[in-house]
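Undergrad: Provided herewith is a single structure, encoded as structure tokens, for subsequent inquiry.
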Amino acid sequence: MFSVITSLLRERFGFDGIVCTDWGLLNDVEMGGATLAARAWGVENLSPRDRALKALEAGVDQFGGESCPELVVELVKDGAVSEERIDASVRRLLREKFRLGSSTPPRSIRTPPSPPSDGRTSARPAWRPSAGRSPC
């Protein structure tokens, strides 16, 4: 399948970054009591699963604003998309996260150790006034 993303962007121009879809490409969104139709321009007649397949075949790495990994899992289980294809996207996404430092362990904050306590003695001054105001 011809793909502008793969053949032009990645192969011809050497782009190895992340390609993300528009927000809400696969599924309708419920917001404020209203249903906003998926932004599936040109593929409105396709199911969310088929939209995901088409986007993955085109070379997309990430679906913007979507939370439906089950669609991708189903496509891999059915053999419609290879694990290698998903692995390529995962590598690009993780590489960027590591580069930005968003997947490294947070720096620890050193705090002095608290004095030993049985929990009841130190909590008593805090709970006694609030217990007296309880409506129960």
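Any read-out appearing in this document is the output of simple, stated calculations on the displayed coordinates, not a laboratory observation. Because the structure is predicted, anything quoted here is derived from the model rather than measured. Cβ coordinates were reconstructed from backbone atoms using ideal geometry, including for glycine residues, and neighbour counts include every protein chain displayed.
Undergrad: Given all pairs of different Cα atoms, what value in angstroms does the Kirkwood hydrodynamic radius of the range 12-94 take?
TA: That comes to 13.6 Å for the range 12-94.
Undergrad: A further question follows. Give the order of Val4, Val19 when sorted by the count of other beta carbons within 10 angstrom, beginning with the fewest.
TA: Values: Val4 11, Val19 17.
Ascending number of Cβ neighbours within 10 Å: Val4, Val19.
Undergrad: How much length is gained if the chain between Glu84 and Leu100 is pulled fully straight, taking 0.36 nm per residue apart and subtracting their Cα-Cα distance, in nm to one decimal?
TA: Extra length available between Glu84 and Leu100 comes to 3.3 nm.
Undergrad: In what sequence do Ser67, Ser7, Ser89 fall when counting other Cβ within 10 Å, fewest first?
TA: Details: Ser67 8, Ser7 12, Ser89 17.
Going from sparsest to densest Cβ surroundings: Ser67, Ser7, Ser89.
Undergrad: Relative contact order of the range 4-100: what whole-number percent is it, with Cα pairs under 8 angstrom and at least 6 residues apart? Intermediate results must be reported in sequence, preceding the final value.
TA: On the way: 99 pairs, mean separation 29.9, N = 97.
Averaging sequence separation for qualifying contacts and normalising by length gives 31 percent for the range 4-100.
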